[in-house]
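One structure is given below, encoded as structure tokens.
Just so it is clear, none of the values below were taken in a lab; they were calculated from the coordinates. Only a predicted model underlies this, so the values are computations on that prediction, with no experimental measurement involved. Because the Cβ atoms are built from the backbone with ideal geometry, glycine has one as well, and the counts that use them run over all protein chains shown.
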């Protein structure tokens, strides 16, 4: 059995505080195959491969390389075992040339008189030759800061090949690429396999797996669900296995009563810092009494939509209209006053001032108004009364009541505090981004109930979540985002979980139906 | 004509020690560690060197140049060892690099002043706030020094200027041509890449900070010899900060930094010459001595836009973070 596999992982378990990232996973990878690891975000794919590359050590279980048990304590040792990894975030020195990056750490030397110097000339030649050999054309003398992301990725691949890697791990390699670049990369990966290399591909994109992988392991919440032969398995089946888990809770939901349109987003385009569009020509509207949920795999632009509406991200093109007022370029306070409540994704950075007291945090969006502030002087009494009322009404639990420093509170109670503050604004539009991330079951139910109460009060709600169960349970209307585009907008009761899951993977509409 | 000669001679003897201090700063900052400690490092280095020279001076003839070279060697070591403090604080304990730098400067001033007085009491039986040094000889190259105007470059050269140029050449070679230099510069841009390449970031940075201290110490003792022929707290004239300004205008590269140092050197000697040409009272000398700093201010306005600091400068590297 040991001979059959070049990499074998037996009963691997890895725990991080609070979660089991990998739970008793056993799998074997054959020499010369493309082996895919499929799973949603947080399923434990990257953690598993980080252990193979020596970035973490497993708490339990054993790793065998070429039939021999190995303790891979560092990436250096992994390199010695001819294992290479292309990380999701490239590790390149931006003011160095391609060749310099490739030889970093193992520089070849020559002598200049009596002085040893780094031999860049022979490196340039060797890199050029290597890049021709594998069809990865690069100019060895170009600087990293001057080349595009796809070329940078080629440099990372060449770095592995220069170090004579035989087992190549790609962590979400297509996340940053355009469709054409993806095709090219997949072709390269196939070429590497045909040249005898073993490839491990971490991804959540079904189409890519279907195109290149030989076998595929499906992970869900740290557990290995199945290992499948890709050629004989349909994308449908893979999607089912990946997202098809039991729906944990059924939310009691009254029938919807939609009112007038509150939010209208038209042709919205948002660019990231590299000037790359992450939201592309997105249009939708949310009515009073409606929960409009955006479903999608993390990093497809959904958070940027929420940020644009809340005023945290700049709008490149398009318009945002709230109750008839164009707010496309309005500042955040203006939007708050006009009626937007915002529960951000990162509650500790954007939602709270962690070292302030609970009462101060609860007044964070109203402190400058009466009764909290009179003639430019803060009214401590008003803060206290307001704080005490909200703590009682929303059941926010903490060590020292309103005077508790928010940092010391549990995540669930921190989130309760933000929700309380935002609901009290009584805004016509409420934006919830990942409102239950990292919370336990009780806190999740509590938040879900509150979202529904607000909807029944006639507020328009924009919900962004990575949890499909949450979206299926709460939404009246679902928009599915993939790669910055809203692929589908439809009433929630016309869609099944599997259909939404397929759109999230970028499977085209005609294939799904 | 004589004024021009003076400007060139004094300008060079000021610019060259400044240059070696700035190179030290480049080593430190290109590795990703902010260095505001150059002032303190050069002072402590100069103190150690001056102390060594004082201790050995009895063994040599009064006009011997040997104590000066011994002083230079000890300043190099002293600065390097004092820099261990900055390295330990910033690299090992990941302390705030700006605060560490400021503390090192304050500590150096206090320690050297205190120790100078204590040690001179012990040695000579009378408290003194300075160590007297021997006057350095000056070298003039026959022939070349006869060239009009440019001949001044080869006139009245301090021996330390030549030593520094030699050290600077080695520093340039190490930084740009050797694997260690490559690792060092990479650490200042993306330490994660260096780590992934199997090189220990903290080790590279630790050594870089020590080199920075050694070169600063060397610069410090040269100022002690050229400006006042003694070591006293007058060594803390802010030249360490000027070296930082020079390396910033030099865009953290050695050759452009040399030009910045020369501009500062000539601004200073030019300002001094100006007070003499205009026959101004000596009170004005101090005012004109501020010229390098005023030049700094103007250069800052024009150069700051095109400047690019090392990307990871001041960033504490944490291996665990991905």
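Some notes on this structure:
- Of B:283, B:95, B:163, the residue with the greatest mean-square motion in the GNM of chain B, using alpha carbon springs below 10 Å, is B:283.
- Each of the peptides B:74-81, B:7-14 was scored by the mean count of other Cβ atoms within 10 Å over its residues; in descending order, highest first, they stand as B:74-81, B:7-14.
- Taking the inverse of the mean 1/r over every pair of distinct Cα atoms in segment B:13-236 gives a Kirkwood hydrodynamic radius of 18.2 Å.
- With helices as the sole contributors, chain A gives -9500 deg cm²/dmol at 222 nm; each DSSP H run of n ≥ 4 counts as -39500 (n - 2.57), and the sum is divided by every residue.
- Between residue B:276 and residue A:148, the distance separating the two model label sites (each 7 Å from Cα on the Cα→Cβ line) works out to 6.3 nm.
- Note on A:354-365: average number of Cβ atoms from other chains within 10 Å of each residue's Cβ is 0.
- The mean sequence distance of close C-alpha pairs (under 8 Å, at least 6 residues apart), as a share of the length of segment B:178-322, puts its relative contact order at 25 percent.
- Segment B:78-148: C-alpha gyration tensor shape, a/c 1.5 cut-off, then a/b vs b/c: oblate
- With neighbours defined as other Cβ atoms within 10 Å of a residue's Cβ, the residues A:51, A:504 order from fewest to most as A:51, A:504.
- Packing-based ranking of B:60-73, B:269-282 yields B:60-73, B:269-282, ordered from highest to lowest mean Cβ neighbour count within 10 Å.
- Residue list for segment A:264-288, given a label point 7 angstrom along the Cα-to-Cβ vector of residue A:317 and an amide N cut-off under 18 Å: A:265-284
- Among B:254, B:157, B:137, the largest mean-square fluctuation in a Gaussian network model of chain B (Cα springs under 10 Å) belongs to B:137.
- Nearest-0.05 FRET efficiency for residue A:19 and residue A:489, computed from C-beta distance (R0 35 Å): 0.55
- Among A:322, B:89, the order by Cβ neighbours within 10 angstrom, fewest to most, reads B:89, A:322.
- Relative contact order of segment B:85-140, taken over Cα pairs closer than 8 Å and 6 or more residues apart, is 19 percent.
- Inter-chain neighbour count for B:177-187: the average number of beta-carbon atoms from partner chains within 10 Å of each residue's beta-carbon is 5.
- Ranking of A:391, A:19 by neighbouring Cβ atoms within 10 Å, starting from the fewest: A:19, A:391.
- Site pair residue A:370 and residue A:253 shows an inter-label distance of 4.2 nm when each label is modelled 7 Å from Cα along Cα→Cβ.
- Semi-axis lengths, Å, the protein assembly as shown, gyration tensor of Cα atoms, sqrt of 5 times eigenvalues: 61, 37, 24
- For segment B:201-265 versus segment A:279-305, the spacing of their alpha-carbon centroids is 56 Å.
- Taking B:109, B:121, B:257 as the candidate residues, the one with maximal mean-square fluctuation in a Gaussian network model of chain B, Cα springs under 10 Å, is B:121.
- When peptides A:86-94, A:483-491, A:330-338 are ranked by their average number of other Cβ atoms within 10 Å per residue, the highest-first order is A:86-94, A:483-491, A:330-338.
- Taking every C-alpha pair closer than 8 Å and separated by at least 6 residues, the mean separation divided by the residue count of segment B:13-236 gives a relative contact order of 42 percent.
- Global form of segment B:68-117, assessed from the alpha-carbon gyration tensor, a/c cut-off 1.5: oblate
- Between segment A:403-435 and segment B:1-58, the Cα center-to-center distance that results, in Å: 57 Å
- Average beta carbon contacts from partner chains per residue of A:93-99, 10 Å cutoff: 5
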